1. Among the numbered criteria (1) free of Cβ contacts under 8 Å to residues at least 24 places away in the same chain; (2) more than 17 Å from residue 27 (Cβ to Cβ), which one does residue 101 miss?
2. Of everything in the range 100-113, what is surrounded by fewer than 20 Cβ atoms within 10 Å (Cβ to Cβ) and either within 22 Å of residue 48 (Cα to Cα) or aliphatic (A, V, I, L, M) (or both)? Give them in sequence order.
3. Take the conditions over 20 Å from residue 22 (Cα atoms) and either among the aliphatic types (A, V, I, L, M) or in a strand (DSSP E or B) (or both) and apply them to residue 100. Does it pass?
4. Of the numbered conditions (1) in a helix (DSSP H, G or I); (2) surrounded by fewer than 19 Cβ atoms within 10 Å (Cβ to Cβ), residue 84 satisfies every one except a single condition; which is it?
5. Could you tell me how many of the residues in the range 51-66 are closer than 15 Å to residue 92 by Cα, in a loop (DSSP other than H, G, I, E, B) and without any contact (Cβ under 8 Å) to a residue 60 or more places away in the chain?
6. Regarding residue 144, is this residue surrounded by 14 or more Cβ atoms within 10 Å (Cβ to Cβ), touching a Lys or Arg at 6+ places or on another chain (Cβ under 8 Å), at pLDDT 95 or above and not polar (S, T, N, Q)?
7. Which of the following residues is at pLDDT below 95, touching a helix residue (DSSP H, G or I) at 6+ places or on another chain (Cβ under 8 Å) and either within 23 Å of residue 136 (Cα to Cα) or not hydroxyl-bearing (Ser, Thr, Tyr) (or both): 34, 66, 71?
8. So residue 43 passes all but one of these: (1) part of a loop (DSSP other than H, G, I, E, B); (2) surrounded by 14 or more Cβ atoms within 10 Å (Cβ to Cβ); (3) at pLDDT below 95. Which condition number does it fail?
Amino acid sequence: MTVAFQPSLLDELAGETVGVGPLAGRLRRTTLGRGAWIDVLPGWFGGADELFPQLVHAIPWRAESREMYDRVVDVPRLVHTYGIGERLPHPALAQARDALTAHYAAELGEPFATAGCCFYRDGSDSVAWHGDTIGRGRSHDTMVAIVSFGSPRKLLLRPRGGGTEACHQLGHGDLVVMGGSCQRTWEHAVPKTSRPVGPRISVQFRPRNVF
């Protein structure tokens, strides 16, 4: 698979080792309301641009389709999920999962167990407004941690039922963690864009039985 990706100049100049940095004292938490919050840490994953092409080729991407009204449509992105106990495509992702589990142990009370991967090939790939409410996220507070690789894309959040949107530009190793009631009281989306943008991969770490 060939992708047209422009690495971050800062990442190239830094010559960073692939892997994650510390979390304690660096995350910026924003209270969203209705019991929801997000933590954000730009550039948490060092060497993210070096890892990006490896993930493009190592992850067994697949296209999905779904029924919408009276027809079947293609899902506008490629996906793959690593289940509980499955080996991740790079040791640095396992390091990230374990670091997140250790940092959020007191709040979450359980490990991050799965890794969902999405490949946004260009600006026409997207994900519509939704919350991760299949499984325990429908009725219980939980967390979803997202690490971004590749070109920055907007992650939008809004209260379920409508309201003021929040926007975060994620890429080049940025981390966002959605916690508390976020999955059932708020929605998030990665919108399409007509601007020329390069490809992006997001890896979503979730606890058991959260989808």
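1. Going through (1) free of Cβ contacts under 8 Å to residues at least 24 places away in the same chain; (2) more than 17 Å from residue 27 (Cβ to Cβ) one by one, residue 101 breaks only (2).
2. Those that are surrounded by fewer than 20 Cβ atoms within 10 Å (Cβ to Cβ) and either within 22 Å of residue 48 (Cα to Cα) or aliphatic (A, V, I, L, M) (or both): 101, 102, 103, 105, 106, 108, 113.
3. It is false that residue 100 is over 20 Å from residue 22 (Cα atoms) and either among the aliphatic types (A, V, I, L, M) or in a strand (DSSP E or B) (or both).
4. (1)
5. Number satisfying all stated conditions: 0.
6. yes
7. When all the criteria are applied, what remains is 34.
8. (3)
The values are calculated or read from the model by the stated rules, or taken from the named source; none is laboratory data. Keep in mind the model is a prediction, meaning the values are calculated, not measured. Glycine also receives a Cβ, built like all others from the backbone with ideal geometry; neighbour counts cover every protein chain displayed.
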